[in-house]
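> Encoded as structure tokens, here's the structure I'll be asking about.
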Amino acid sequence: MNTVKIVRIPILPMHMVNSHLLVGPDGCILVDAGLPGSENKIKKALAKERLTFKDIKLIVVTHAHVDHAGSAAIIRELSGAPILAHEGDAKHFNRETPMTFCPTGWFGRLFIKTPLMLEPYIGFEPDVLLTKHDVINLERYGIPGVVKHTPGHTAGSVSIELASNEALVGDLVASGILLGGIVRTSHAIRPPFEDDPHRVARELTRLLDSGVEKFYMGHGGPLKASEIHRHAQTLMMLPKK
């Protein structure tokens, strides 16, 4: 089995916001593009791996929030790599419709009043648009794994499942405190916003049942399967709206 190196790129300090590079012997994939203006941080991460933007074969945007999609259009221009995303968030990627937010607690209610989550970014149309329950094999981009629809955080959230029993799940889960990161990063938490916690729990449980042992995320992490199981069980106990 080809070895894939997962490189975490801290977009904000203390892993409050992460992008990731998947570096394999036959290709490199960028997972999430960070906030607007993150291209220089991603360029430096590539350089540490002796790579450039032109080595990126695919940009996967896990969902349409600004801290994941903000630099996608610019990085596509710099790299020539296609953007892959899901149709569930398409109207937000192209800026046709503003994002809506379902706060998970006091921090989310406070955070939505700041300008960060509503910061504009250059809109784009994904080059590879997942529909319904499509599964995209990443072997064609040099990485042994697949991309699947994992809704719950947003309607169009996606995750990458690697052949190494590792997964990159965007904001299906966070770890740490507040936005995520900082301290207690081995402790799973809900992100500040979440459309449907019960759907999230089902998706996390499916990933666990498929054999995923380590979870990488946009805020904090990574987390082991046992902590994801505890978190999924907690979500299932929340009252349904």
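> Contour minus end-to-end for Ser164 and Thr234, with contour as 0.36 nm per residue of separation and end-to-end as the Cα-Cα distance?
Difference between extended and current length: 22.5 nm.
> Could you work out the pair-distance distribution P(r) of the stretch 1-54 from its alpha-carbon pairs, with 10 angstrom bin width and percents rounded to whole numbers?
Calculated P(r), rounded to whole percents: 25, 56, 17, 2.
> Now a separate question. First compute the accessible area of the chain with a 1.4 Å probe, then give the percent of it belonging to carbon and sulfur atoms.
That share works out to 55 percent.
> Hey, rough spin-label estimate for Thr100 and Val135, points 7 angstrom out along Cα→Cβ, what's it come to in nanometres?
For the pair Thr100/Val135, the computed spacing is 3.2 nm.
> What's the ranking of 65-71, 112-118 by average number of surrounding C-beta atoms within 10 Å, highest first?
Ranking the peptides 65-71, 112-118 by packing returns 65-71, 112-118.
> Average projected area of the Cα convex hull of the chain, in nm²?
For the chain, the mean projected area of the Cα convex hull comes to 11.7 nm².
> Can you give the accessible area of Thr205 in Å² (nearest 10), computed on protein heavy atoms with a 1.4 Å probe?
My reading of the accessible area for Thr205 is about 50 Å².
> Between Gly176, Gly105, Gly221, find the one with the highest GNM mean-square fluctuation for the chain; connect C-alpha pairs within less than 10 Å.
Comparing Gly176, Gly105, Gly221 in a Gaussian network model of the chain, the most mobile one is Gly105.
> Rolling a 1.4 angstrom probe over the protein chains, ignoring ligands and nucleic acids, what is the accessible area of Met16 in square angstrom, nearest 10?
Only protein atoms counted, so the area is about 50 Å².
> Rolling a 1.4 Å sphere over the protein heavy atoms, what is the accessible area per residue of the chain, to the nearest Å²?
44 Å²
> Whole-Hz ³J(HN,Hα) for each residue in the stretch 159-168, computed from phi via Karplus 6.51 cos²θ - 1.76 cosθ + 1.60 with θ = phi - 60°, x for glycine and proline: what do you get?
For the stretch 159-168, the Karplus-derived couplings read 9, 9, 10, 8, 5, 7, 6, 10, 9, 10 Hz, x marking Gly and Pro.
> Among Val212, Val158, Val147, which one shows the biggest mean-square fluctuation in a GNM of the chain, springs joining Cα atoms closer than 10 Å?
Comparing Val212, Val158, Val147 in the GNM, the peak value goes to Val212.
> Still on this structure, please answer the following. Taking R0 as 30 Å, what FRET efficiency do you get between Ile122 and Ser226 from their Cβ-Cβ distance, rounded to the nearest 0.05?
0.15
> Please report, in whole Å, how far the alpha carbons of the stretch 83-168 spread along each principal axis, starting with the longest.
42, 27, 21
> For n ≥ 4 DSSP H runs only, could you compute -39500 (n - 2.57) per run for the chain, divide by its residues and tell me the 222 nm figure to the nearest 500?
That calculation yields -6500 deg cm²/dmol at 222 nm.
> Between Lys54 and Arg109, what length comes free when the chain is fully extended (0.36 nm per residue of separation minus the Cα-Cα distance, one decimal in nm)?
Roughly 15.8 nm would be gained on extension.
> If you don't mind, another one. Out of the DSSP beta bridges found with both residues in the stretch 81-228, what percent are antiparallel (nearest 5)?
70 percent
> State the Kirkwood hydrodynamic radius of the stretch 1-132 in Å, one decimal place, computed from all pairs of distinct Cα atoms.
About 15.3 Å for the stretch 1-132.
> DSSP loop (so not H, G, I, E, B), at most 10 other Cβ within 10 Å: list which trypsin sites (Lys or Arg not before Pro) in the stretch 35-87 pass both filters.
Within the stretch 35-87, the qualifying trypsin sites (Lys or Arg not before Pro) (loop, at most 10 other Cβ atoms within 10 Å) are Arg50.
> Can you tell me the FRET efficiency between Lys44 and Lys91 if r is taken as the Cβ-Cβ distance and R0 is 35 Å, rounded to the nearest 0.05?
0.60
The values are calculated or read from the model by the stated rules, or taken from the named source; none is laboratory data. Everything numeric in this text was worked out from a predicted model, so none of it was measured. Here Cβ is always computed from backbone atoms with ideal geometry, including for glycine, and neighbour counts include all displayed protein chains. Accessible surface areas use protein heavy atoms only, side chains included; no ligands, DNA or RNA. Shrake-Rupley method; radii C 1.70, N 1.55, O 1.52, S 1.80 Å.
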